[in-house]
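Reading through the structure tokens given below for one structure.
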């Protein structure tokens with residue numbers, strides 16, 4: 001008797017895999033991570049290692065306890081861990097990335113069904129949780145390499161902008177913001193490294209250009225139009241703070257961003273608008289993480305209203 | 001000429017190199033082998049046998065037909081004795097009543113075979129009758145009766161007759177070989193179709209990965225003013241009827257409508273050759289070209305088979321499988337849309353375009369993971385659907401939302417499953433739910449009809 005496999009079509013599959021995509025995201029994050037270590041020293045590396053290791057551990061622990069298949073090899077927990085570390089200051093105490101990873105993996109991701117089911121970005125949710133719980137530790141910024149060597153801590157460019165300390169972005173300020181030798185979270189300061197990583201993801205078709213380009217362009221245009229204290233330096237505003245990290249790596253999180261092309265543009269517009277409003281008019285100097293989290297909540301609604309027109313759609317009869 | 005195409009779609013590895021350069025070889029059934037002629041090899045009413053067990057049938061003899069317009073008669077492709085009439089497995093997995101003929105290998109032909117017709121002096125009705133009486137159906141896969149397709153409602157004038165020579169399914173090369181080896185027959189067949197619709201333009205659409213076919217067909221069309229060859233971008237599913245029409249004419253066939261509503265008739269290469277043979281040589285549809293390929297086949301190639309042979313007979317006739325790398329999966333047709341077979345004892349029918357024999361390595365299907373909402377399926381669905389969402393409705397058994405979100409418009413091309421990095425069986429779950437929902441729809445319609453009739457009877 002013959003024995004043949006019977007299965008549904010199609011019988012050929014592409015080489016893409018979840019692991020491959022997550023590996024690409026890790027590669028995309030590498031330039032910014034390396035810059036973080038260069039700018040903030042070895043402590044940045046330690047925070048990243050602790051964060052990644054604990055994210056993987058909590059995913060394993062949860063799946064083991066809940067008797068679910070162990071999926072740590074898909075690297076999604078590693079991505080979350082790395083993103084969380086990159087959203088923390090290098091001076092954070094070592095227990096903080098552990099607490100943050102536990103929140104990201106267990107509360108934001110696994111309790112809602114695991115990979116692909118989280119309705120908000122787990123790393124950002126954990127960052128918001130840490131920021132609310134330990135505001136001082138989360139907003140103490142160690143001095144970057146090559147600057148203020150004697151200072152224990154510095155202010156971020158956005159805090160300076162808010163205080164009106166920067167009224168003209170000099171070419172020196174611009175270079176610092178591009179390279180990343182400014183105060184801020186481990187992975188957010190080097191705009192050029194984040195752009196290189198982001199372009200890599202776009203070229204590899206891991207993310208589309210829509211969210212990062214529209215998000216950054218919205219912030220650029222709005223800050224150019226509104227300005228602060230009568231000063232308009234949009235070219236500087238888009239380089240500083242968490243915008244590049246958020247636009248390329250956080251707002252593009254598959255599970256918490258729209259699936260339709262139009263929906264992705266709407267989400268990016270919303271993120272850009274909220275970021276600008278919080279930065280200029282809000283109580284915080286920075287608004288990237290909250291604006292992405294708020295837009296995450298709108299994703300089901302956006303997806304519902306932006307379903308693409310099907311091929312050969314029947315014209316709606318006007319009565 | 002600029003290559004045309006449609007939006008979205010995928011680029012599967014094409015696997016055509018295995019058989020593309022193999023010229024078409026004729027294979028004949030062995031003496032005393034049994035051939036099976038299922039009563040339904042087309043869309044429409046099944047046929048009823050015209051012969052009984054014990055009868056002697058000849059090559060080209062009509063052995064089954066149906067009085068319905070939407071049907072197509074069936075012819076014996078060999079001579080021999082009818083030994084049985086019983087259900088037989090056909091590709092797709094159904095058991096269909098079939099006439100079983102034992103081949104006496106004498107190839108005795110029925111009287112009147114080979115009678116050429118001069119189509120230029122025939123009326124449209126005579127041409128259509130000739131095509132109907134030759135049992136010609138769409139040989140690309142669907143099996144739509146060709147005489148019905150060529151005779152659209154009078155209020156739907158035909159502007160284009162398109163020859164679907166995209167052959168976008170990976171591995172299949174039968175249409176390619178026909179275009180290289182029988183290009184003049186394709187052109188003559190198309191001219192017959194254009195005689196029926198004199199205001200239409202004939203366009204032969206060929207994917208760019210077949211430059212030799214484009215060259216051969218262009219040469220064969222030289223000097224014929226109403227036929228052109230149109231190169232198409234190599235992309236799956238370029239050969240889907242609706243997408244071929246869109247690529248060439250930029251017209252969208254509306255949901256649920258037939259191509260004629262967009263002023264188009266689409267026929268596959270081998271179908272056009274069948275039309276040519278019916279008129280020029282007076283031969284009904286008894287054989288077709290089939291690609292037998294895949295890593296497990298000793299001699300992959302393109303074979304002209306007698307319709308009715310079993311897949312087992314065909315594999316035997318072409319030298320069998322590799323001993324060191326036997327097949328793990330059999331596919332009737334191409335790897336994107338062809339159904340799997342669980343045995344080789346399956347009758348070939350008019351629409352059998354290929355037999356693909358995958359080794360264990362080629363047949364590997366990775367494990368399903370969570371959907372990560374990467375939207376690759378949305379980006380690639382040629383119909384503009386949201387496959388991941390339809391998959392959720394399918395799993396939940398939520399037929400209402402499935403229909404509301406256009407699940408019934410899915411053409412089952414498999415582009416979504418092909419692209420999915422989580423390796424989800426998107427196309428499969430959508431196909432299954434489509435069947436359930438289409439069944440419900442038909443049942444509701446039947447109930448409504450019955451209720452209406454009952455109300456009528458009362459009054």
Revision key, fill the gap. The one condition residue B:417 fails out of (1) assigned to a helix (DSSP H, G or I); (2) at pLDDT below 90; (3) within 7 Å of another protein chain (Cβ to nearest Cβ) is (2)
Practice item. Answer yes if at least one residue in region B:367-380 is surrounded by fewer than 24 Cβ atoms within 10 Å (Cβ to Cβ) and within 26 Å of the chain's Cα centre (by Cα), and no otherwise. Key: yes
Practice item. Give me a count of the residues in region B:389-412 that are part of a helix (DSSP H, G or I) and at the interface with another protein chain (Cβ under 7 Å from one of its Cβ atoms). Key: 1
Review point. Just to be sure, is residue B:308 within 14 Å of chain A (Cβ to nearest Cβ), modelled with pLDDT of 90 or more, at positive phi and surrounded by 23 or more Cβ atoms within 10 Å (Cβ to Cβ)?
Key: no
Revision key, fill the gap. Filtering region A:112-144 down to residues that are within 14 Å of chain B (Cβ to nearest Cβ) and in contact with a helix residue (DSSP H, G or I) (Cβ under 6 Å, 6 or more places away or on another chain) yields A:115, A:118, A:120, A:121, A:122
Point to revise | Among (1) within 8 Å of chain B (Cβ to nearest Cβ); (2) farther than 20 Å from residue A:251 by Cα - the single one residue A:20 does not satisfy | key: (2)
Exercise for review: Would you kindly identify the helices (runs of 4 or more DSSP H) lying entirely within region A:179-257 that contain at least 3 residues that are at pLDDT below 95 and either more than 17 Å from the chain's Cα centre (by Cα) or not assigned by TED's automatic domain parsing to the domain that holds residue A:280 (or both)?
Suggested key: A:210-226, A:234-237
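Conditions (1) more than 30 Å from residue B:355 (Cβ to Cβ); (2) buried (at least 19 other Cβ atoms within 10 Å of the Cβ), marked per residue:
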position: A:12; (1), (2): no, yes
position: A:22; (1), (2): yes, yes
position: A:30; (1), (2): yes, no
position: A:35; (1), (2): yes, yes
position: A:39; (1), (2): yes, yes
Practice item. Assess whether residue B:436 counts as being in a helix (DSSP H, G or I), surrounded by fewer than 17 Cβ atoms within 10 Å (Cβ to Cβ), modelled with pLDDT of 90 or more and over 29 Å from the mean Cα position of the chain (by Cα). Key: no
Exercise for review: May I ask you to list the residues in region B:376-388 that are within 7 Å of chain A (Cβ to nearest Cβ) and within 21 Å of residue B:239 (Cβ to Cβ)?
Suggested key: B:382, B:383, B:384, B:385
Point to revise | Residue satisfying condition, being in contact with a helix residue (DSSP H, G or I) (Cβ under 8 Å, 6 or more places away or on another chain), over 20 Å from residue A:271 (Cα atoms) and surrounded by fewer than 23 Cβ atoms within 10 Å (Cβ to Cβ), within set A:200, A:236 | key: A:200
Review point. Mind checking whether some residue in region A:53-66 is in contact with a helix residue (DSSP H, G or I) (Cβ under 6 Å, 6 or more places away or on another chain), under 21 Å from residue A:289 (Cα atoms) and touching a residue at least 12 places away in the same chain (Cβ under 8 Å)?
Key: yes
Check your understanding: Do we have any residue at all in region B:9-16 that's surrounded by fewer than 16 Cβ atoms within 10 Å (Cβ to Cβ), more than 14 Å from chain A (Cβ to nearest Cβ) and farther than 19 Å from residue B:140 by Cβ?
Key -> no
Check your understanding: Any idea how many residues of region A:1-51 are under 30 Å from residue B:10 (Cβ atoms) and either part of a helix (DSSP H, G or I) or modelled with pLDDT of 95 or more (or both)?
Key -> 13
Check your understanding: Residues of region A:285-316 being away from every other protein chain (no Cβ under 14 Å) and either closer than 16 Å to residue A:245 by Cβ or at pLDDT below 85 (or both), which ones?
Key -> A:285, A:286, A:287, A:288, A:289, A:290, A:291, A:292, A:293, A:295
Practice item. Could you check, for region B:320-334, whether at least one of its residues is free of Cβ contacts under 8 Å to residues at least 40 places away in the same chain, part of a loop (DSSP other than H, G, I, E, B) and within 20 Å of residue B:30 (Cα to Cα)? Key: yes
Review point. For region B:1-97, which fully contained strands (runs of 3 or more DSSP E) count at least 1 residues that are more than 30 Å from residue B:151 (Cα to Cα)?
Key: B:34-38, B:80-89
Practice item. Look through region B:343-366, keep the residues that are surrounded by fewer than 18 Cβ atoms within 10 Å (Cβ to Cβ) and touching a residue at least 60 places away in the same chain (Cβ under 8 Å), and return whichever of them is nearest to the other protein chains (Cβ to nearest Cβ). Key: B:343
Practice item. Considering every residue within region B:226-249, establish whether at least one is under 30 Å from residue B:78 (Cα atoms) and over 20 Å from the mean Cα position of the chain (by Cα). Key: no
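The values are calculated or read from the model by the stated rules, or taken from the named source; none is laboratory data. Just so it is clear, the model here is predicted, and its values are computed rather than measured. Don't worry about glycine lacking a Cβ; one is built from the backbone with ideal geometry, like all the others, and counts go over all protein chains shown.
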